[in-house]
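Remarks on the structure that follows.
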Amino acid sequence: MEISPRPVLLVAPPVTFEATFPLGLASLATVLRSRGRPVEGLDLRLFPDALGRRLSRSPVPSLVVLETSIRNVRVVRRLLAQVRASGDIRTAVVGTAAALHPDAFLGPGQADFAVTGDPEEGIPALVDLLEGGRGRTPAGVAAADGVLGPTDPAWLPGDRLPVPDREVFPQVHYGSHDIRRGPPRAAVETSRGCPLACSFCPVPARYRGTWRGRDPEAVLDEMARLRRDFGTRRFLFEDEQPLGDPLAFGRLLTLVRRRLPGVELQFPNGLRGDLLDQEWVEEMAAAGTRQVAIGVESVSSEVRSRIGRPLDDGHLDGLLRTMQRHGIRVTGYFLAGLPEAHGRDGLDLARAALDGRFDYVHFSVCWPWRRLVEIPTAGMRRAARWRALAYGLAYGNPRRLIRLREDRDLPWGRWPALARRLATWMRAGSQGGGGW
Ligand code: SF4
């Protein structure tokens, strides 16, 4: 009887409100599959109880890889303990929290390995090592048993960043929203990292200030395949910093306009307003941009300067007017609990919530990243209460409710889905957020 080889299991743990396509793990799946490794994916945001069931089934995975964030440390540690208790399975963690604080996850009953560089470099080399049984831990991977390889992270050049696999995590699970209407959608990524330095953001530290962009032609080819294979007509750019290379960004917009007319683009990850100007907005609109999130973070320009986001009020005003003129819906992102706001949260968040220039607003609680926090501190819980109040002010406003209705995001007939979403949103507290 033929024995099936033991797969590598990639796990996306719960983190925030939305289950966006796990681009990082899917990209790792591409590389593992290209080397002939059996790979499975498990998204616990979509299937919360699936891990126990999978671990009790044969063949058991040889390696379980969990994705970490600064917001889900506690959950990941609990999942690691669950995997380790279930048998002879090696464990590895990837993602921002693992890269910045590997020691928080390594040790008995926890992870065997933590990847500090690109997972697409570290994990395949690790799988080879585990199979061969001898040698040093690969570059950019920290090991619990102290057998360390070169500690410098291994980074892939931008033109070798893989195209994410859409089967291991089936794209069909992510092609629509639970209540929002609209054409089939897909998340894409054109770059990795960020050279800037917003005080609340762990990304520059994770990638040591580097930014790498994919070839715009390769991104366009990926989008065209998504349209052909899944009927995708709405693309969500999930980059940390899509404006890292203005020339490449402009080239991508031109390619979309010429080769994929009629598709819709969204930028949901909080663009920096100081990097945009009216010309950019016009180009984005011409390429089909319909929704943009701007990371404003604070209503106070003084606080914005202190956190490294020098966005002038007049410039923001001009941008918002241009976007409105081009029919682009704008969500303003704001942070509760910023240390640089010196406790002015209540007032500032209320002003943000009532700011009628934004079509929608989104509030998150600031999570520390220089040290990891498993359980929200008293200050974060206080910020979460301000956040809830701000959402109440924003979405209790009839004008915003009408806007949601116009955008078909408030379907009256789907009460169970609306109730589920409201319950998830209430539970999110300081953990995460998401607009309505
Ligand atoms: S621009 Fe975005 S990715 Fe870059 S440091 Fe600021 S928040 Fe982070």
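Tell me, please, whether a residue that is surrounded by 20 or more Cβ atoms within 10 Å (Cβ to Cβ), over 17 Å from R290 (Cα atoms) and not assigned by TED's automatic domain parsing to the domain that holds P22 can be found in the range 225-236.
yes
State all residues of the range 253-282 that are surrounded by fewer than 20 Cβ atoms within 10 Å (Cβ to Cβ), in a helix (DSSP H, G or I) and within 12 Å of the ligand (Cβ to nearest atom); if no residue qualifies, say none.
Of everything in the range 253-282, those that are surrounded by fewer than 20 Cβ atoms within 10 Å (Cβ to Cβ), in a helix (DSSP H, G or I) and within 12 Å of the ligand (Cβ to nearest atom) turn out to be D274, L275.
Mind counting the residues in the range 172-230 that are in a loop (DSSP other than H, G, I, E, B), within 16 Å of the ligand (Cβ to nearest atom) and not charged (D, E, K, R)? Quick ask: steps written out before the conclusion?
As a first pass, look at the range 172-230 and keep what is in a loop (DSSP other than H, G, I, E, B): 175-184, 189-190, 194-202, 207-210, 214-215.
Next, only the ones that are within 16 Å of the ligand (Cβ to nearest atom) stay: 189-190, 194-202, 207-210.
From what's left, not charged (D, E, K, R): 190, 194-202, 207, 209-210.
Within the range 172-230, residues that are in a loop (DSSP other than H, G, I, E, B), within 16 Å of the ligand (Cβ to nearest atom) and not charged (D, E, K, R) number 13.
Among the residues in the range 335-354, are any assigned by TED's automatic domain parsing to the domain that holds A286 and under 18 Å from Q291 (Cβ atoms)? Break it down stepwise before answering.
Initial filter on the range 335-354 (assigned by TED's automatic domain parsing to the domain that holds A286): 335-354.
Of the ones still in play, those that are also under 18 Å from Q291 (Cβ atoms) are none.
So far as the range 335-354 goes, no, none of its residues is assigned by TED's automatic domain parsing to the domain that holds A286 and under 18 Å from Q291 (Cβ atoms).
Of the numbered conditions (1) more than 16 Å from the ligand (Cβ to nearest atom); (2) hydrophobic (A, V, I, L, M, F, W, C); (3) part of a helix (DSSP H, G or I), V303 fails exactly one; give the number of that condition.
Looking at each condition in turn, V303 falls short on (1).
Let me confirm something: among G132, G193, G140, which residue is farther than 30 Å from W415 by Cβ, crowded, with 20+ Cβ neighbours inside 10 Å and out of contact with any Phe, Trp or Tyr (no Cβ under 6 Å at 6 or more places or on another chain)? Write out each step before concluding.
Working: G132 fails: crowded, with 20+ Cβ neighbours inside 10 Å; G193 fails: out of contact with any Phe, Trp or Tyr (no Cβ under 6 Å at 6 or more places or on another chain).
Result: G140 is the single residue among G132, G193, G140 that is farther than 30 Å from W415 by Cβ, crowded, with 20+ Cβ neighbours inside 10 Å and out of contact with any Phe, Trp or Tyr (no Cβ under 6 Å at 6 or more places or on another chain).
Assess whether F249 counts as being modelled with pLDDT of 95 or more, within 16 Å of the ligand (Cβ to nearest atom) and not charged (D, E, K, R). So that I can check it myself, show each step before the final result.
On the way: modelled with pLDDT of 95 or more: yes; within 16 Å of the ligand (Cβ to nearest atom): yes; not charged (D, E, K, R): yes.
Here the answer is yes, as F249 does meet what is asked.
Name the residues in the range 45-83 that are modelled with pLDDT under 95 and over 18 Å from P7 (Cβ atoms), would you?
R45, L46, P48, D49, S69, I70, R71, N72, V73, R74, V75
Of everything in the range 67-93, what is in contact with a strand residue (DSSP E or B) (Cβ under 8 Å, 6 or more places away or on another chain) and over 17 Å from L130 (Cα atoms)? Give them in sequence order. Spell out the reasoning first.
So in the range 67-93, the residues in contact with a strand residue (DSSP E or B) (Cβ under 8 Å, 6 or more places away or on another chain) come out as 67-69, 76, 79-80, 83-84, 89-93.
If the condition is that a residue be in contact with a strand residue (DSSP E or B) (Cβ under 8 Å, 6 or more places away or on another chain) and over 17 Å from L130 (Cα atoms), then E67, T68, S69, V76, L79, L80, V83 are the ones that fit.
Regarding A104, is this residue under 17 Å from the mean Cα position of the chain (by Cα), in contact (Cβ under 8 Å) with a residue 24 or more places away in the chain and not assigned by TED's automatic domain parsing to the domain that holds P204?
Details: under 17 Å from the mean Cα position of the chain (by Cα): no; in contact (Cβ under 8 Å) with a residue 24 or more places away in the chain: yes; not assigned by TED's automatic domain parsing to the domain that holds P204: yes.
It is false that A104 is under 17 Å from the mean Cα position of the chain (by Cα), in contact (Cβ under 8 Å) with a residue 24 or more places away in the chain and not assigned by TED's automatic domain parsing to the domain that holds P204.
The values are calculated or read from the model by the stated rules, or taken from the named source; none is laboratory data. These figures come from a predicted structure and were not determined experimentally. All Cβ positions, even for glycine, are placed from backbone atoms using ideal geometry, and neighbour counts span all protein chains on display.
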